1. Points 7 angstrom from Cα along the Cβ direction at Gln61 and Lys299: gap in nanometres?
2. With a ≥ b ≥ c the root eigenvalues of the C-alpha gyration tensor of region 14-79, is it rounded (a/c under 1.5), prolate (a/b larger than b/c) or oblate?
3. For the cross-link pairs Lys148/Lys221; Lys94/Lys239; Lys114/Lys145; Lys239/Lys299; Lys70/Lys158; Lys158/Lys319, which exceed 29 Å when the distance is taken from alpha carbon to alpha carbon?
4. So how do 255-265, 53-63, 301-311 stack up, highest first, on mean other-Cβ count within 10 Å?
5. Compute the label zone of Asp254 within region 191-216: residues whose backbone N is under 18 Å from the point 7 Å along Cα-to-Cβ.
6. With a ≥ b ≥ c the root eigenvalues of the C-alpha gyration tensor of region 187-266, is it rounded (a/c under 1.5), prolate (a/b larger than b/c) or oblate?
7. Please compute the length gained on full extension between Arg152 and Asn241, using 0.36 nm multiplied by the number of residues separating them and subtracting their Cα-Cα distance.
8. Apply the Karplus curve 6.51 cos²θ - 1.76 cosθ + 1.60, θ = phi - 60°, to the phi angles in region 97-104 and return the couplings in whole Hz, x for Gly and Pro.
Amino acid sequence: MISKEQIEQLSQLIQNVNPDKHYWFFRTMGGHFYDEFVSMGFIAIGYDDILMKDLKDLPEQDYMARAFIKIRLHELKNEMTDSQIAKAAGQIVKFYKELHIGDIIVAPDRQSRKFAIGVIASDMYEDSSKHGETECPFVKRRSVKWIKEVWRLELDAKAILAFGNQQTMSSIDDYADYIDRKMDQLYTKGDASYLVLRVNQDKELSWEDFMFIGELGAFFKEFSKEIELGADLSRIKMKINVQSPGDILLMIPDGGGWILVIVLLILMVIRGGKSHININSNGLDAGVEAEDMGDTLRKVLEAISDFRDRNVERSLLIKRNLENMDIEQPKDTQNVILLDESETIALPPSLSESEDSTEHDELPELPQK
């Protein structure tokens, strides 16, 4: 039997997102520098007459810091208008003082067809080396660890609104939720945990396509009852924003993240394939060893697999709906369960839809896409 303590250990495998970090939209000179920014791992800002030596003694107050930069720009750039100088001063102060390591950067390519999402990885530095004619010449830079690229059509329409600002750099903190769900599929932020199910189907979805939600809930309740989890699914809140493609967002408050881990593992076992789970001992709390976590995961996966094999009809219905909606199976489960090549756990194989079972009635055909 799996203990409640072992199940609750699973919450420690969820990616933790800092609720205090900030989110920035950073333009790439009409996309001209996009490829270089992404391939070389940095962002940069112009106004190269203002260097580190001019910035290291800036006043603490932003308005005074901007006034200081304005005076310096007036001295160096007499051809700039007052409006241009004010705009430049604001961007320089933001880049130097307001961006912090761990903040999120979203950068658009040419015509904003796709966006790179990354994490600021350094304080501002100068790169005064000679740059080629097609390379970014700006010397004031910050290192960025780029996490992923997403196409415009993958983003929520509300998130797209955040990217209409024409400034070189602008705050998009109000749209953080939309960015978070594109960076991670299973994460905790503040007092809540989230599971994102990404629907990649670009055709119209039918009512029946969403049947898996109710069937998944029933599967979980019966599984929970059988192994005495005592999980309360009424705590899970759901948002569905499926515009083909789109997201189904599950949220649970106050330390209930382990329930979402179980939901994800159920989906992965039912979906089948070649998925595996990797454990990173560095990501665990000091009180839990990677070996113990591996043993817990094996027991949970075996229990889910055994329960699936005794609930073929419901499992196949869920599986068909997942495939009809093209709900994304994490391509690399290390984005959900932290990576360590020393500990790998294969998921149990999925039942074949052609497998005959004398214990269940034949599953009705679902509409084909």
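1. According to this spin-label approximation, the distance is 6.1 nm.
2. oblate
3. Lys148/Lys221; Lys94/Lys239; Lys239/Lys299; Lys70/Lys158; Lys158/Lys319
4. Highest mean packing first, the order is 255-265, 301-311, 53-63.
5. 191-194
6. Oblate is the answer for region 187-266, as a/c is 1.5 or above yet b/c matches or exceeds a/b.
7. The span from Arg152 to Asn241 would gain 30.5 nm if fully extended.
8. Per-residue couplings from phi come out as 9, 8, 6, 9, 4, x, 5, 9 Hz.
The values are calculated or read from the model by the stated rules, or taken from the named source; none is laboratory data. Predicted model only: the values in this text are computed from it and were never measured. We place every Cβ from the backbone using ideal geometry, glycine too, and count neighbours over all the protein chains shown. Note: accessible area is taken over every heavy atom of the protein model, side chains too, but ligands, DNA and RNA are not part of it. Shrake-Rupley method; radii C 1.70, N 1.55, O 1.52, S 1.80 Å.
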